[in-house]
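The values are calculated or read from the model by the stated rules, or taken from the named source; none is laboratory data. Computed from a predicted structure; not experimentally measured. Quick reminder, even Gly has a Cβ in these numbers, built from the backbone with ideal geometry, and neighbours come from all protein chains shown. Protein only, heavy atoms only, side chains kept; ligands, DNA and RNA dropped before computing areas. Shrake-Rupley method; radii C 1.70, N 1.55, O 1.52, S 1.80 Å.
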Amino acid sequence: MTGRILSHAELIELIDLLGASRRLIGPVRRGDHYFYEPVAGAARLALDAPQCVYSPKSFLFPPEETLLTFEKESGRFVAQPVLHDAPIALIAVRPCDIHGIRLLDHVFAAPPGDAHYEARRRQTFILGMDCAEPCRAEAFCADMSANTAHLGFDLMVARLAEKLEARATYAIEAGSETGENVLAEFGRGRAPGAVDEAARAERAARKRQAFPKRLRCDVDELPMALQRGFASKTWAQTAQRCYSCGSCNLVCPTCYCFNIRDDISLDGNCGSRVREWDGCQLRDFALVAGGHNFRSDPAQRLRHRVMRKGRWIQDRTGLPGCVGCGRCDGACTAKISIREMFNALAEEAGHDGD
Amino acid sequence: MKPRIAIFSLTSCEGCSLAILELEDQLLALLGGVEIVNFREGMTERAWDIDVGFVDGAVSTPQDEEEIRKLREHCRTLVAIGACACLGGVNTLKHQQPPLEYREYVYGAGAKWFPTTSARPLSAVVKVDYELPGCPMVKEEFLHFVKCALTGKQFRLPADPVCTECKKLGNLCRYEKGELCMGPLTRAGCRAICPAYGSVCEGCRGLLGADAVAAAREVFPARYGVPFDRIADRLRLYGAYQDDGENAISGVLQPSR
Ligand code: SF4
Ligand code: SF4
Ligand code: SF4
Ligand code: SF4
Ligand code: SF4
């Protein structure tokens, strides 16, 4: 076994070491919920937080960001790019969200590359926190093979002893050269011994049992089930309740659509180009010049989202378009569940096959 | 020549006109680009050649009706500002009582000297070119409108619901607290100010469209055990008259008269 074993106090120290040269961002408790927020030190973090209300996506791809500013100089507009590359460390990122970030990495790296995303991403350190059990009833991360991450982090932590947090021990492993270097620089903790090996094996066995199967088909069968269900009645039936509010999009760790607008000063001499999150469930998402809307019906929009999450993104990138975090289900005030839609279509496809 | 703009108030709290004064520093920049005429809250000079007239308040008295017709005549572009002027606003609450009763409540023994009509948005009386809804109107949206007017850009109200702004701010959804928020049905543009400060959206910027209303008719009874009528009652608080101009939903929330 590679990596190190850290005590709780050592983990806190390690995070503070990361924080010495980076802005720390991690789970903070607000009432009954947790949010990723910038903190001054590791002591403020809720390291054992289950899923946060929002994924840490907004720190890499903000809901609204200025891409460039422009100004009139002797009759011509001159533009100045705006790039943010202050180093940050995302702490206690759960496996589902790490899978989400991997997809964003892939999408924003597509030629010619998104300079704004990449500038942030290059300066982002990710310390992952493995899940021993599902965080919420809506999560089907295990069904989507996203409840464990083997790639896409600098360091990954798994809590071993499940006793009091202060007495917990953590297995920590590097997933990148930067992660290796940080561990080496830190130099604390101990090499894992036989007891740790046993604790880790026991945890892994417990984890395999802890995630119930919440999808009624195998993740590999999902794309085919969706393809067969393209003309299903499920879309129109479910869409009767859909507000087209876009909340499911905006909480999703794998949604990456955006809109761009120009803000100008009152005198028209300067301004900025701003991009903001968009979502395919919103009525005007596919509206084009001339007033034509490619998906004017809520049922078409609902199908589009579910198809993308369960099939099209996977086809195009080889990465899961849905990591099963269940946030969209939780955020939908109309109580529309993507998992239930996946299941309904899998069932329909199963009957077709009989 | 600078465009001449004017601001008028009918029956309202004049909060929307005050929102313009609250623009403070931007107001000076604004004054560089336009000429403000006839602004009752800010100055006294009167002139009757107006490019853009902004009107807050509902049409709620015979005088209001006369005034709005006159304003329509003198303003090349007429813009309704605030929930009262766009949707009827809280003025329409008086429709819950017989006219004589509310008039006596407000004017006492002299009630008969103060005739009133039912409270209506401007569009119920004259043609309105643009609406900037909200209670009060969103001052940033007003500024954006003026910029569009000055630069010749097309002005469009946001076509997304309040939820989009709420989520971008990273708020905790009020439904997580068991509260029924009107955000999914309501037009964005206010930066989800009510949920951001911990209360539900009451729909002061008006309904987004027929699709969202149709969804609400399904969702509230079936998923929350709340009859849609109770939701409609809440939406009537600011928006008794609702018609978003492209999906005819007027009639859904109009008071029975
Ligand atoms: S969805 Fe799965 S991987 Fe993500 S936090 Fe919950 S349990 Fe962990
Ligand atoms: S589609 Fe829903 S469950 Fe899947 S990743 Fe997005 S928010 Fe999570
Ligand atoms: S959150 Fe629900 S109601 Fe809103 S767009 Fe998504 S599925 Fe439709
Ligand atoms: S609090 Fe209201 S506006 Fe915000 S996401 Fe929830 S329903 Fe939408
Ligand atoms: S959140 Fe709703 S009630 Fe509050 S200002 Fe916005 S539209 Fe009006």
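For the stretch A:1-100, the average shadow cast by the Cα convex hull is 9.5 nm², which is a quarter of the hull's surface.
The Kirkwood radius of the stretch A:80-122, taken over pairs of alpha-carbon atoms, gives through the Stokes-Einstein law at 10 °C and 1.306 mPa s a diffusion coefficient of 138 µm² s⁻¹. Among B:T164, B:L237, B:Y197, whose Cα lies farthest out toward the positive end of the dipole of the stretch B:162-243, if unit charges sit on the beta carbon of Lys, Arg (+1) and Asp, Glu (-1)? Comparing the listed Cα positions along the dipole, B:Y197 ranks first. Applying a threshold of 30 Å to the alpha-carbon distances of A:K207/B:K167; A:K309/B:K177; B:K127/B:K167; A:K335/B:K139 flags A:K207/B:K167; B:K127/B:K167; A:K335/B:K139 as lying beyond it. Heavy-atom accessible area, probed at 1.4 angstrom with all protein chains present, ranks A:Y170, B:Y102, B:Y224 as B:Y224, B:Y102, A:Y170, highest first.
Each residue of the stretch A:57-71 was assigned a 3J(HN,Hα) from its phi angle through the Karplus expression (A = 6.51, B = -1.76, C = 1.60, θ = phi - 60°), giving 3, 5, 7, 9, 9, x, x, 8, 8, 7, 8, 7, 10, 9, 8 Hz with x at Gly and Pro. Counting only the heavy atoms of the protein chains, how much of A:K72 is accessible to a 1.4 Å probe, in Å² to the nearest 10? For A:K72, solvent-accessible area is about 90 Å².
Could you work out [θ]222 nm for chain B from helices alone, using -39500 (n - 2.57) per DSSP H run of at least four and dividing by all its residues? Round to the nearest 500 deg cm²/dmol.
Numbers: 10 runs with 93 residues, N = 257.
One gets -10500 deg cm²/dmol as the mean residue ellipticity at 222 nm.
Suppose we look only past 23 Å in the calculated P(r) of chain B. What percent of the Cα-Cα pairs does that tail hold?
Working: 17484 of 32896 pairs.
Distances greater than 23 Å cover 53 percent of the Cα pairs.
Its Cα centre serving as origin, the stretch B:54-182 has a Cβ charge dipole (Lys and Arg +1, Asp and Glu -1) of approximately 260 debye. Taking 21 Å as the straight-line reach from the Cα of B:K94, the lysines in range (excluding those fewer than 8 positions away in the same chain) are B:K112.
Rounded to the nearest 500, the helix-only mean residue ellipticity at 222 nm of chain A stands at -9500 deg cm²/dmol, with each DSSP H run of n ≥ 4 adding -39,500 (n - 2.57).
For chain A, what percent of Cα pairs sit more than 26 Å apart?
Details: 34353 of 62481 pairs.
Summing the P(r) tail past 26 Å for chain A gives 55 percent.
Close amide H pairs (under 5 Å, H built 1.01 Å from N) link A:L68 with A:V82, A:R273, residues at least 5 positions away or on another chain. Here the scattering of the stretch B:114-153 is modelled by Debye summation over its C-alpha atoms, one equal scatterer each and no solvent; at q = 0.22, 0.25, 0.27 Å⁻¹ the log10 of I(q)/I(0) is -0.84, -0.94, -0.98. Here chain B is scanned for GluC sites (Glu not before Pro) in DSSP loops (not H, G, I, E, B) that have at most 14 other Cβ atoms within 10 Å, and the longest stretch holding none of them is B:46-178. Calculated over the stretch B:4-151, the projected area of the Cα convex hull averaged across directions stands at 8.8 nm². Here the calculated FRET efficiency for A:S265 and A:N181, from their Cβ-Cβ distance with R0 = 56 Å, stands at 0.75, rounded to the nearest 0.05.
Kindly provide log₁₀ I(q)/I(0) values, in the same order as q = 0.05, 0.06, 0.08, 0.09 Å⁻¹, from the Debye equation applied to equal alpha-carbon scatterers of the protein assembly as shown. Treating every Cα as an identical point scatterer, log10 I(q)/I(0) equals -0.28, -0.40, -0.68, -0.83.
When +1 charges are put on Lys and Arg Cβ atoms and -1 charges on Asp and Glu Cβ atoms, the dipole computed for chain B relative to its Cα centre reaches about 340 debye. Note on A:E64 and A:R76: the extension gain reaches 1.7 nm, defined as 0.36 nm multiplied by sequence separation minus the Cα-Cα distance. Listed by chain and number, the aspartates and glutamates placed with their C-alpha closer than 19 angstrom to that of A:K213 are A:D130, A:E133, A:E138, A:D143, A:E221, A:D329, A:E340, A:E347, A:E348; residues fewer than eight positions away on the same chain are left out. Remark: relative contact order (chain B) = 16 percent; criterion is Cα-Cα distance under 8 angstrom and separation of 6 or more residues. With the simple spin-label model, which puts each label point 7 Å out from Cα in the Cβ direction, the A:A119 to A:R136 separation comes to 3.3 nm. All Cα-Cα distances of the stretch B:162-243, cut into 5 Å bins from zero to the largest, leave 3, 16, 27, 27, 19, 7, 0 percent in each bin in turn. Computed with every protein chain present, the accessible area of B:D56 is close to 0 Å² [probe 1.4 Å].
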